[in-house]
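Participant: Sending over a structure as structure tokens; questions will come in a sec.
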């Protein structure tokens, strides 16, 4: 290339800004686009609320989706498991007495007076009702179980104070103590799908038999347990009416009790066999076994004074 031609080309480039900066037009366009985007209002981010659940991915992950909360599948920090699955109408106390074998008759006589007094004076004592009293004949033999119902913990607190101040009730309870080895109290709540039966007489000879099935659950598995049993109960209900089901709140924790009634042991056997023929029952058994640390079955006879028999 001649020197003259090179000089002309250099002058042409210097005189043309677009040639001197080939990316200038793109840069101007880019900044203009950025400016126009900035002027547009940005969409609001999904509101994540711990109480109602999250709508976005992170909200659902951290707080649980609104759908799951509506179905009771996710508990938030303000909702205890007991509020999700419990009936929350009553509080029940189960008193378990281990009786000295040679004192069985003396214990029964003393307990008869004490629990009949509760049945007759429950309202004036603060609001307490005897659900039932039973003697174990298979399993934890030598134990007596008494379930007392209160209209919430406020009624329970009032009753405890009243019993301490009532001299007649204090004496009746004191008369029981020489005949027992130990006593355990457990506060329980009913499952919402399985409220306990009111006082009644089944008409079975001697009140028939009751079976209390007690399960020690893996901690944190109560919600799963409730879901499996809610479905499985329908299979059992076709052959036998359940008496009640409770989960512990104070005392031995992570424990569930199911109470059933049959005319006799032979009927119990045939009824349980029939349940296996219904679809869904085997699924309930399989699901609940993996949630359980231990289980126990106790056969009970209702005491003469028991309202539920």
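The values are calculated or read from the model by the stated rules, or taken from the named source; none is laboratory data. Note that the structure is a prediction, hence the values are computed from the model and not measured. Every residue, glycine among them, receives a Cβ derived from its backbone with ideal geometry; neighbour counts consider all protein chains shown.
Participant: Please specify each residue of region 216-253 satisfying the condition of being closer than 14 Å to residue 186 by Cβ, surrounded by fewer than 20 Cβ atoms within 10 Å (Cβ to Cβ) and touching a helix residue (DSSP H, G or I) at 6+ places or on another chain (Cβ under 8 Å).
Facilitator: The one that is closer than 14 Å to residue 186 by Cβ, surrounded by fewer than 20 Cβ atoms within 10 Å (Cβ to Cβ) and touching a helix residue (DSSP H, G or I) at 6+ places or on another chain (Cβ under 8 Å): 249.
Participant: Continuing with this model, one more query. Filter region 172-194 down to residues that are over 27 Å from residue 100 (Cβ atoms) and touching a strand residue (DSSP E or B) at 6+ places or on another chain (Cβ under 7 Å) and give me whichever is surrounded by the fewest Cβ atoms within 10 Å (Cβ to Cβ).
Facilitator: 192
Participant: Another question about this same structure. Give just the number: which of (1) surrounded by fewer than 16 Cβ atoms within 10 Å (Cβ to Cβ); (2) touching a strand residue (DSSP E or B) at 6+ places or on another chain (Cβ under 7 Å); (3) closer than 17 Å to residue 145 by Cα does residue 304 not satisfy?
Facilitator: The one condition residue 304 does not meet is (2).
Participant: Let me ask you something else. So is residue 110 surrounded by 15 or more Cβ atoms within 10 Å (Cβ to Cβ), in a helix (DSSP H, G or I) and at pLDDT 95 or above or not?
Facilitator: yes
Residues checked against (1) assigned to a strand (DSSP E or B); (2) surrounded by 15 or more Cβ atoms within 10 Å (Cβ to Cβ); (3) not assigned by TED's automatic domain parsing to the domain that holds residue 142:
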residue: 272; (1), (2), (3): no, yes, no
residue: 283; (1), (2), (3): no, no, no
residue: 293; (1), (2), (3): yes, no, no
residue: 298; (1), (2), (3): yes, yes, no
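Participant: Follow-up. Which condition from (1) free of Cβ contacts under 8 Å to residues at least 60 places away in the same chain; (2) under 23 Å from the mean Cα position of the chain (by Cα); (3) crowded, with 17+ Cβ neighbours inside 10 Å is the one that residue 125 breaks?
Facilitator: (2)
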